[in-house]
1. How many Cβ atoms of partner chains, on average, are near each residue of B:298-308 if near means within 10 Å of its Cβ?
2. Under a plain spin-label model, where a point goes 7 Å from the Cα along Cα-to-Cβ, how far apart in nm are B:VAL325 and A:ARG46?
3. Once Lys and Arg get +1 and Asp and Glu get -1 on their Cβ, which of A:LEU17, B:VAL90, B:PRO222 lies farthest toward the positive end of the dipole of the protein assembly as shown?
4. Would you work out the charge dipole size for the stretch B:185-341 about its Cα centre, treating the Cβ of every Lys and Arg as +1 and the Cβ of every Asp and Glu as -1, and quote it to the nearest 20 debye?
5. Using R₀ = 56 Å, calculate the FRET efficiency as 1/(1 + (r/R₀)^6) where r is the Cβ-Cβ separation of A:SER111 and B:LYS86; round to 0.05.
6. Return a single number: how many Lys pairs in chain A, at a sequence separation of 8 or more or on separate chains, have alpha-carbon atoms below 27 angstrom apart.
7. Select from B:SER161, B:SER241, B:SER82 the residue whose mean-square fluctuation is largest in a Gaussian network model of chain B (Cα-Cα springs shorter than 10 Å).
8. Non-local amide H neighbours of B:GLN189 (under 5 Å, H modeled in plane, Pro and chain starts lacking H): which ones?
Amino acid sequence: MEKIANFFKTFLLYELLKGMALTGRYMFARKITVQFPDERTPQSFRFRGLHAQRRYANGEERCIGCKLCEAVCPALAIKIEVAEREDGTRRTTQYDIDLTKCIFCGFCEESCPVDAIVETRIFDYHGESRGDLYYTKEMLLAVGDKNEAQIAKDRAADAKYR
Amino acid sequence: MEWLEPIQKLLGPAWLPIWTIVKIALIIAPLLGAVAYLTLAERKVIGWMQIRIGPNRVGYYGLLQPLADGLKLFMKEIIVPSGANKFLFVIAPIMVLMPALAAWAVIPFNGEMVLANVNAGLLYVLAMTSLGVYGVIIAGWASNSKYAFLGSLRSAAQIVSYEIAMGFALVCVLMAAQSLNLGEIVRGQHGNYGMLNWYFIPLFPMFMVYLISGVAETNRAPFDVAEGESEIVAGFHVEYSGMAFALFFLGEYANMILIAFLTSIMFLGGWLSPVPFLPDSIMWMLAKAAFVLFLFLWFRATFPRYRYDQLMRLGWKVFIPVSIVWVVVVGAWMQTSYWVW
């Protein structure tokens, strides 16, 4: 009996019509497309985008050249050279991140004892030639200077979970 | 057409070819426009069914998108693979597009508007739609690529299989209409009860067979194993680029529109009005074709692709027996007094 019922169900395209009813219903559903450059999806304060180097309020750069980030970086994207400055403190002479290697895992940020290297919310950046995504210390500091307000706000929001 | 008579006298014997060319242009130009906007409609409708909004960046609501696509294809280079047979490679897309356009010669748009009112119009249409498969085979073979070759083999086998069921479905129609002339077939569906007089009611199983075979015949989803993106890249036209690819594309969509028109002529009463109190007009024809085309897009948005053996099973073991049985049923039915169509 069930076999006969199944035969008729198949023959009358019952399942196919059910499927078409479903897609037909969705045709009139509210569309969920986010039209990217005009609209943006909400972002977490933990979003890991473009890197930045931060400074203290007095303008002194935070990085002390401990090379923990270089050591932890799984993609070997960070290159650091260190020397002693005139005032006797240890500072980096070179701090490069190759963003084409970087996998945006956030380990550098986590390992940093002074919160110098951070990842910002910026994700829609680009390079127009091959070297453009090789970020040097100056470029990273510039990103940090430009977005310090947002960076500080995001760190503050995340602080209670650390 | 009285106002054309002075021109007719002026041109003398040259009138007939010129007037025919004008009529051909009047069919082909809107057809190509319809093809362009069918691609947009497809992307829009499938987008809506997937809760997206579809293309909306080029012009208002993406209305210029087909022009942008066409321009892009036009500017692209046509690459002929080094191992390909150049002559066949170039001629294949033409062989796909040509029959798809030639079949329009016998399509009646309303009682008077038909380019060639031939008595064997149905046979002509069947012949033309079957010719397209040669272009597909040659495209796959001339490309000298295994994917293209497999795609063309699949496509050829599929089109040939579904042709039979399609032919039997049309046999029922011509039995009911007692004519092979497409215009006569539509007139045969004229009656006092509007849409109740159309052939899709007595021939409903054949209507379904024809519609589904039509989807298979044009290699559309869910019967698009010939292109099967996930298996053989793009099938027979994988080696084509630029305008050569665009010709295949035009051919496929022109065929879709052709099947939609044929379905509305054979089963949905062509230009006849669905209700008795409204006048018959070409608008009904276009509306019915648009409805069938919408069904094509709806199918594509809904159904997953058939596996190849399932596709062959459906064609040979379901459609052909069903259509043969229905030919007999209609034949017997027409001998009784219950045949009112």
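1. Numbers: counts 5, 4, 1, 6, 10, 4, 1, 0, 0, 0, 0.
Whole-number average of other-chain Cβ neighbours for B:298-308 is 3.
2. Taking the two extended label points, one gets 6.2 nm.
3. In the protein assembly as shown, that residue is A:LEU17.
4. Numbers: 8 positive and 9 negative charges, 94 e Å.
My answer is approximately 440 debye.
5. Working: r = 61 Å, r/R0 = 1.09.
Once rounded, the FRET efficiency stands at 0.35.
6. Qualifying lysine pairs in chain A: 17.
7. B:SER82
8. For B:GLN189, whose amide H was placed from the backbone, there are no distant partners under 5 Å.
A short reminder: the numbers here are calculations on the coordinates, not readings from a lab. The model shown is predicted, which means the values in this text are computed figures rather than measured ones. Neighbour counts run over all protein chains shown; Cβ positions are idealised from the backbone, glycine included.
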